[in-house]
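Worksheet for the structure shown next.
The values are calculated or read from the model by the stated rules, or taken from the named source; none is laboratory data. These figures come from a predicted structure and were not determined experimentally. Quick reminder, even Gly has a Cβ in these numbers, built from the backbone with ideal geometry, and neighbours come from all protein chains shown.
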Amino acid sequence: MNYFKKFQRILELILWNFRFFTLIPVLFSLISAVNFFILGTIEIMMSIIPNSNLFQDPQNQDLALVVSSVVGGIDYYLIGIILLIFSFGIYEIFISKITISGDKTIKSPLTINSLEELKKKLLQVIIMALIVSLFKKIIILQLTTTIDAIYIAVAILLVSVSTYLGFSKE
């Protein structure tokens with residue numbers, strides 16, 4: 001029976017230390033988040049190139065492309081935020097609680113206490129990213145028929161309803 005207790009203690013120690021393998025997705029998610037922040041910044045910077053005719057004609061296609069690029073940059077930022085929240089959440093759930101400068105009174109918006117809370121925060125940011133992505137598509141869409149306008153209206157309605165249902169349970 002003594003051997004069984006030793007084996008059990010060793011097995012539990014191995015299982016407990018296996019949680020450190022979650023550092024792999026934490027680190028790569030952080031690297032990916034930085035990558036998306038850089039991509040978003042590049043996308044927005046590329047849209048800032050001065051164009052003297054840009055604001056003269058409200059129907060100007062260049063204006064729609066600039067707005068689309070800025071919205072695309074915001075989309076990249078939101079994906080980076082998703083990865084950042086994922087990294088913080090996985091680290092806090094499996095490794096250790098993050099304390100800011102040793103002060104436990106500071107409450108971080110990225111504090112995650114359970115997988116359910118992590119899923120909820122990720123879902124909220126993912127919904128926002130999808131809304132921004134839809135907005136980008138609508139900006140550059142050329143309305144040619146009445147059915148195109150109906151599709152846009154239905155898409156906006158579905159996004160509104162899903163946003164209401166997703167955020168109203170708080």
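Which residues, taken from the stretch 16-50, are surrounded by 13 or more Cβ atoms within 10 Å (Cβ to Cβ) and either part of a loop (DSSP other than H, G, I, E, B) or modelled with pLDDT under 80 (or both)? Hit for the stretch 16-50 is 47, nothing else. When residue 99 is tested against (1) farther than 19 Å from residue 129 by Cα; (2) modelled with pLDDT of 75 or more, just one condition goes unmet, and that condition is (2). Taking first residues from the stretch 117-140 that are over 13 Å from residue 69 (Cβ atoms) and touching a residue at least 12 places away in the same chain (Cβ under 8 Å) and partners that are of a type in the set (Val, Ile, Thr) and not in a helix (DSSP H, G or I), the Cβ contacts under 6 Å between residues at least 6 apart in sequence or on separate chains come to 118/112. When every residue of the stretch 157-164 is checked against the conditions, at least one turns out to be at pLDDT below 85, small (Gly, Ala, Ser) and part of a helix (DSSP H, G or I).
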